[in-house]
Amino acid sequence: MLYRGQRIALTVPCYNEEVAIGSVIREFRAAMPELEIYVFDNNSSDKTAGVAKAEGASVIFVPLKGKGNVVRRMFADVEADVYVMVDGDATYDARSVVRLVDKLLDERLDMVVGCRKVDMSTAGQAYRNGHQWGNRMLTQSVVRTFGGGFTDMLSGYRAFSRRYAKSFPALSQGFETETELTVHALELRMPYGEIMTPYGARPEGSVSKLSTYRDGWRILTTIGRLYVSERPLAFFGICAAVLAAVSVLISLPLLDEYLRAGVVPRLPTAILSASMMVSALLAFSCGLILDNVTRGRHEMKRLSYLAMPAPCVQDRPHENPS
């Protein structure tokens, strides 16, 4: 079945979601009957796969632990025109899938993020302590580093075009994959959008797999790694500037003494200053070289993106062509 002439795939990464996965499949199928539903079982030890199969979903096993590994398999194994990704914990609103897909198709976007809107009365159940603050902090870190206007970078509810999915390298392993998904769109200057969608608490008996401090640290290190790889000239330029400034500062007393007395009594300090200035020049040279390498990588990813034809979208079912 096609929706507006497009094959829509719902991809659901799961790890021990026996309690929630059945309702996720039923609610999304009711919201959009045209969905082709794929459940990616990430080495679950419960009956997640059995429940998903009983509900009529296609189940694909991913032995490598981590959500990033699941996303890699999702985009590699599933063939569709539009990919909708949602966590299998029954916290996201299935009825928003139509708005998510329609916005992607109508505005010819490559990614639409479902930003989580939490009712204040249930916020304590939907989020653990510090998660909302951490989400805002990490989102602003990416926005200030890479630009863009995202408000909920860590949302697990997204729609992607085929061009996005087949040009995404998927290098991360765990929950930091949302950061990588966001930066990929920003670095290739893809058109993206957001919609607000209700977000609720997990069903009773379902447990979150997110580790507040460990996964938060991994996301921060991913932002740093992406900054080095995607902005090498800026990173190594800062390193070069700091080294050069320190070199000049420690050399000023030596220069003053040399101009007055004609001698350099503190030879080790002079060698240190010269070595730091050489290191600054090397850092700046590395930044220039890696910047050209990064441009080449962006060109290759852009060509891979452009190799996919743009979708031929039909009007919405309730609209009549003029």
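Here are some notes:
- Selection count where residues are outside any helix (DSSP H, G or I), surrounded by fewer than 12 Cβ atoms within 10 Å (Cβ to Cβ) and either aliphatic (A, V, I, L, M) or modelled with pLDDT of 95 or more (or both), scope the stretch 256-300: 1
- When the residues of the stretch 84-106 are filtered to those that are part of a loop (DSSP other than H, G, I, E, B) and among the hydrophobic types (A, V, I, L, M, F, W, C), the one that is modelled with the lowest pLDDT is Ala90.
- Ala244 vs. criteria crowded, with 17+ Cβ neighbours inside 10 Å, touching a helix residue (DSSP H, G or I) at 6+ places or on another chain (Cβ under 9 Å) and part of a helix (DSSP H, G or I): yes
- Against the conditions (1) open to solvent by 10 Å² or more (accessible area, probe 1.4 Å); (2) part of a strand (DSSP E or B); (3) of a type outside the set (Val, Ile, Thr), Phe160 satisfies every one except (1).
- Condition met for Gly224 (open to solvent by less than 60 Å² (accessible area, probe 1.4 Å), out of contact with any Ser or Thr (no Cβ under 8 Å at 6 or more places or on another chain), over 25 Å from Arg163 (Cβ atoms) and not aromatic (Phe, Trp, Tyr)): yes
- In the set (1) modelled with pLDDT under 90; (2) open to solvent by 60 Å² or more (accessible area, probe 1.4 Å); (3) within 24 Å of the chain's Cα centre (by Cα), the condition left unmet by Asn320 is number (3).
- Qualifying residue in the stretch 198-213 (condition: on the phi < 0 side of the Ramachandran plot and in a helix (DSSP H, G or I)): yes
- Unique residue being touching a helix residue (DSSP H, G or I) at 6+ places or on another chain (Cβ under 6 Å) and not aliphatic (A, V, I, L, M) when the list is Tyr192, Tyr157: Tyr192
The values are calculated or read from the model by the stated rules, or taken from the named source; none is laboratory data. This one's a predicted model, so the numbers in the text were calculated from it and none came from an experiment. Backbone-built Cβ (ideal geometry, glycine too); neighbour counts: all protein chains shown. Side chains included, ligands, DNA and RNA excluded: accessible areas come from the protein's heavy atoms. Shrake-Rupley method; radii C 1.70, N 1.55, O 1.52, S 1.80 Å.
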